[in-house]
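The values are calculated or read from the model by the stated rules, or taken from the named source; none is laboratory data. Keep in mind that this is a model prediction, so the values were computed, not measured. Virtual Cβ from ideal backbone geometry, glycine too; neighbours counted across all protein chains shown.
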Amino acid sequence: MRPSSHYRVVERIGAGGMGVVYLAQDQRLERNVALKVLPEHVIDDEPSRRRFRNEARALSRLNHPNIATVHDFDTAEGVDFLVMEYVAGTTLDRRLAGEPLSQQEAVSAALQIAEALEQAHDQGVIHRDLKPGNVILSHRGQVKVLDFGLAKLLHHGGDAVSMDSLSETQGMTGTLPYMAPEQLLLGKVDPRTDLYALGALLYEMVTGRRPFRERNTIMLANSILHQPPPKPREINPEVSVRLEAVILKCLEKDPDDRYESAADLRSDLLRAAKLTPAGGLVRVVPPKLVRPLLIGAAVVLGVSLLGLGLRQAWPGLIPGLGPARIRSIAVLPLENLSGDPEQEYFADGMTDELITDLARIGALRVISRTSVMRYKKQSEKNLPQIARELNVDAIVEGSVMRFGDQVRITAQLVQSSTDEHLWAESYDRSMGDVLGLQSEVARKIAEQIQIKLTPREKAGLSAGRVEDPEVHEIYLKGHYYAGQPDAGSLRIGIDYFEQALARDPKYAPAYAGLATSYVALGAAGGMAPGEAFAKSKDAAEKALGLDGSLAEAHAALANTRFYGEWDWASAGAEFKRAIELDPGVASVHNGYASYLSAVGRHDQAIAEATKAQELDPLSLGIRLSLGIRYYYARQYPKAIEQLQKTLEMERADPGAHYWLGLALAQAKRYPEAIAELGKVEGFSVAGPLGYVYAVSGRKAEARGVVNDLTPLARARGSAVSPFDLAVIWAGLAEKDEALAWLQMALGAKRSELIYLGVDPMLDGLRADPGFAALARHVGVAG
């Protein structure tokens with residue numbers, strides 16, 4: 001096929017009776033699509049082309065996480081083609097290859113296919129050609145059903161049948177090994193016809209073979225019409241009795257003896273899942289009716305966690321956990337399936353809120369946002385690999401689909417050691433009802449992993465949230481932008497928080513978001529630190545005045561007290577309160593670790609920084625922070641080791657080179673220290689570099705740095721701090737000069753003085769009374 005329209009063809013990826021399929025790039029929307037080029041006989045005049053376009057548009061209204069979407073029908077250079085969702089993964093026929101799936105995998109796939117059928121049947125669409133080649137499994141276990149309705153569409157007025165490997169065709173739709181008897185007899189086709197095909201698929205998934213294996217077309221058709229299939233347990237004794245009964249009911253010859261609907265089949269599949277092959281009980285979440293999806297939308301946590309796209313919530317499949325205990329978990333970024341990149345803020349916001357609610361459970365280690373967001377769009381990594389990198393027992397995954405005022409959420413819990421799906425449930429909500437949904441999901445997950453909640457945790461996860469949905473949405477936009485490190489994004493986030501407060505002046509989370517954002521804006525250089533801390537303090541106090549249980553506001557206030565006011569006692573109390581309210585936030589543990597270092601409580605500081613790294617193992621900043629804690633604790637070998645590990649994550653990180661240089665200097669490895677500091681650009685490194693020159697005996701070079709920095713440090717608003725001159729003079733053992741520059745740093749309230757009581761570069765001054773007096777002014781022990 002030649003490139004046509006605005007689609008650039010990449011490669012041919014399949015062919016069959018329904019046409020040739022190409023992977024292509026939609027150059028307008030910058031996304032991959034599948035182009036199905038139709039056989040020439042399908043459309044031979046303009047009326048048939050109009051009919052095809054109208055029916056294709058009807059199919060495009062099928063919108064469900066387990067259905068591959070039809071985007072468009074187009075014609076270019078005389079070639080007619082369908083534009084379809086491109087689905088990466090492995091077709092079920094290739095996955096099987098004569099080998100059965102585990103019962104758990106088979107039931108999970110069948111449940112998702114049943115979900116897709118239910119959605120399609122509700123809209124009057126029957127598949128007619130459900131077969132393993134039309135089912136794709138992603139690497140994360142999500143199912144996508146292809147070619148809904150195309151059998152009828154492509155063979156309008158004259159149907160066709162294929163045998164896959166056999167070439168005979170007849171006047172009917174479908175693929176013979178998966179066709180229901182009524183299709184063979186050209187009788188009435190209805191939703192039960194698709195349920196027969198799903199039964200045939202499930203039979204093959206658990207046994208590794210088709211229900212009827214005859215190679216001759218006539219003999220195969222005769223068996224489908226008149227013979228019972230061998231019982232699945234005769235082929236695979238591991239199949240449970242109840243699951244076998246479900247399969248055989250699907251394969252009944254008379255449609256009246258099959259399930260009436262996909263919903264009925266789904267219910268029996270879930271009941272069958274209660275029994276393992278050995279008969280052991282498996283916990284299943286009881287079914288719960290949820291209001292129907294009016295327009296269509298879904299929030300899916302990966303494979304099927306927060307929203308497999310159900311019209312009703314379906315109860316989750318909970319295999320026995322066995323000896324494995326789940327005490328650590330990662331929530332992967334919810335995939336935005338809305339087809340609108342501008343909805344990323346909503347998917348990310350839902351992810352963050354679920355992480356926040358789970359992190360409130362003290363006995364559960366929940367990986368922080370910074371680490372899990374690294375896996376956004378990283379489809380090449382499978383769940384066990386991600387779990388190993390994050391060192392967790394289980395993964396929560398899913399996706400979000402939203403249209404207008406409607407949201408669908410599906411969520412799934414997967415055990416890392418076995419890659420088994422432990423629980424899944426879906427939710428349909430209007431935006432007005434979606435608030436607090438994450439707490440409901442968090443509570444369900446806690447139940448499934450049998451973790452004991454404290455009374456406070458139970459209350460926190462049960463509390464209803466009464467909010468204006470529009471205010472909450474504005475807040476989510478603010479949270480999305482405030483989570484990005486650059487000053488421009490932080491200002492956008494602040495603007496959204498202020499919009500939320502303009503609409504509802506008593507919306508405490510927006511004040512908490514402002515408090516956090518102002519601290520970050522000051523750190524990013526987007527606002528003078530004094531102004532940033534003042535604005536942060538004001539917002540935090542307003543937040544806590546409205547809701548004293550907001551851990552984020554306590555944490556922001558702690559940072560303001562610590563970095564902005566040097567109010568040590570109050571800062572420590574606020575950090576402790578924030579952790580007490582929300583023990584799973586890595587950044588708060590990290591902030592508390594910095595505070596503990598500053599006040600000389602080094603063992604506790606290292607413990608808190610270690611906890612932060614456990615919660616956020618891929619955060620460069622937190623890895624760096626642990627190295628700094630070791631440095632201030634004078635544990636230089638451990639500091640060097642940790643900082644070198646940090647550089648393994650990011651070789652060019654200037655902070656890691658800076659602190660590694662300082663640690664090497666204290667270990668008296670001066671040439672290496674100078675080499676590391678030489679990799680850092682800017683004035684920030686000049687003071688420490690001059691200090692290393694001084695203590696390593698290169699005093700002339702140290703004095704040269706002093707001469708260069710002195711006029712700069714005296715200039716108003718200079719990037720060179722008086723503290724930089726102080727450490728060089730300390731290295732030169734010129735105490736009076738060092739103390740004079742420290743006094744100047746105190747007058748300017750330079751942030752470096754927070755660590756005055758513990759900085760190794762100042763150890764030569766500690767016996768001096770002048771130093772002790774400075775320490776008292778700062779409020780730390782000298």
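Which of the residues belonging to segment 764-782 are part of a loop (DSSP other than H, G, I, E, B) and loosely packed, with under 15 Cβ neighbours inside 10 Å? If the condition is that a residue be part of a loop (DSSP other than H, G, I, E, B) and loosely packed, with under 15 Cβ neighbours inside 10 Å, then R766, A767, A781 are the ones that fit. Scanning segment 613-626 for residues that are in contact with an Asp or Glu (Cβ under 8 Å, 6 or more places away or on another chain) and part of a helix (DSSP H, G or I), we see that the one that is farthest from I367 (Cα to Cα) is L624. Is segment 639-649 home to any residue that is in contact with a helix residue (DSSP H, G or I) (Cβ under 9 Å, 6 or more places away or on another chain), within 28 Å of A387 (Cα to Cα), surrounded by fewer than 18 Cβ atoms within 10 Å (Cβ to Cβ) and touching a residue at least 24 places away in the same chain (Cβ under 8 Å)? Within segment 639-649, one or more residues are in contact with a helix residue (DSSP H, G or I) (Cβ under 9 Å, 6 or more places away or on another chain), within 28 Å of A387 (Cα to Cα), surrounded by fewer than 18 Cβ atoms within 10 Å (Cβ to Cβ) and touching a residue at least 24 places away in the same chain (Cβ under 8 Å). Take segment 46-63 and flag every residue that is assigned to a helix (DSSP H, G or I) and buried (at least 20 other Cβ atoms within 10 Å of the Cβ). Correct list: F52, A56, L59.
Checking each residue in segment 698-719 for being aliphatic (A, V, I, L, M) and touching a Pro at 6+ places or on another chain (Cβ under 9 Å) picks out only A713.
Screening segment 251-283 for residues that are surrounded by fewer than 20 Cβ atoms within 10 Å (Cβ to Cβ), closer than 24 Å to E420 by Cβ and touching a helix residue (DSSP H, G or I) at 6+ places or on another chain (Cβ under 6 Å) and picking the one that is modelled with the lowest pLDDT gives L275. For residues in segment 523-538 being of a type outside the set (A, V, I, L, M, F, W, C) and outside any helix (DSSP H, G or I), which is modelled with the lowest pLDDT? Checked segment 523-538; the qualifying residue modelled with the lowest pLDDT is G525. Just one residue in the set G682, G757, G704 is crowded, with 16+ Cβ neighbours inside 10 Å and of a type outside the set (A, V, I, L, M); that residue is G757.
Filtering segment 50-107 to residues that are touching a residue at least 60 places away in the same chain (Cβ under 8 Å), assigned by TED's automatic domain parsing to the domain that holds T207 and at positive phi leaves only G98.
Just so you know, in segment 486-538 the residues that are surrounded by fewer than 20 Cβ atoms within 10 Å (Cβ to Cβ) and polar (S, T, N, Q) include one that is nearest to G564 (Cα to Cα), and it is S489. If I filter segment 557-577 down to residues being of a type in the set (D, E) and surrounded by fewer than 22 Cβ atoms within 10 Å (Cβ to Cβ), which single residue comes out as farthest from P455 (Cα to Cα)? Looking at the filtered set, the residue picked out is E565.
Of all residues in segment 85-144, those satisfying the criterion of being of a type in the set (K, R) and either under 28 Å from the mean Cα position of the chain (by Cα) or outside any helix (DSSP H, G or I) (or both) are R95, R128, K131, R140, K144.
The single residue among D616, D603, D653 that is among the charged types (D, E, K, R) and either at positive phi or touching a residue at least 60 places away in the same chain (Cβ under 8 Å) (or both) turns out to be D616. Quick one: would you say Y632 is in contact with a Ser or Thr (Cβ under 6 Å, 6 or more places away or on another chain), crowded, with 20+ Cβ neighbours inside 10 Å and modelled with pLDDT of 95 or more? Considered against the rule, which asks whether it is in contact with a Ser or Thr (Cβ under 6 Å, 6 or more places away or on another chain), crowded, with 20+ Cβ neighbours inside 10 Å and modelled with pLDDT of 95 or more, Y632 comes out as yes.
Quick test for you: out of T560, T610, pick the one residue that is modelled with pLDDT of 95 or more and farther than 25 Å from Y658 by Cβ. Unique residue meeting the criteria: T560.
In the set E541, E608, E580, only one residue is crowded, with 22+ Cβ neighbours inside 10 Å and among the acidic types (D, E); that residue is E608. Here the condition is being touching a Gly at 6+ places or on another chain (Cβ under 7 Å) and modelled with pLDDT of 80 or more; of E11, E99, E105, it holds for E99 alone.
Results for (1) buried (at least 16 other Cβ atoms within 10 Å of the Cβ); (2) touching a strand residue (DSSP E or B) at 6+ places or on another chain (Cβ under 8 Å); (3) under 17 Å from M179 (Cβ atoms); (4) of a type outside the set (A, V, I, L, M, F, W, C), shown as yes or no for each residue.
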position: M205; (1), (2), (3), (4): yes, no, no, no
position: M219; (1), (2), (3), (4): no, no, yes, no
position: Q227; (1), (2), (3), (4): no, no, yes, yes
position: R233; (1), (2), (3), (4): yes, no, no, yes
position: P237; (1), (2), (3), (4): no, no, no, yes
position: K249; (1), (2), (3), (4): yes, no, no, yes
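Given the structure, is R215 modelled with pLDDT under 90 and farther than 27 Å from A120 by Cβ? Answer is yes for this residue. Can you name every residue in segment 325-347 that is touching a Gly at 6+ places or on another chain (Cβ under 7 Å) and either under 20 Å from E614 (Cβ atoms) or small (G, A, S) (or both)? Passing the criteria: only L332. Among the helices (runs of 4 or more DSSP H) confined to segment 539-612, the ones with at least 1 residues that are under 19 Å from L521 (Cα atoms) are located at 551-559, 586-598.
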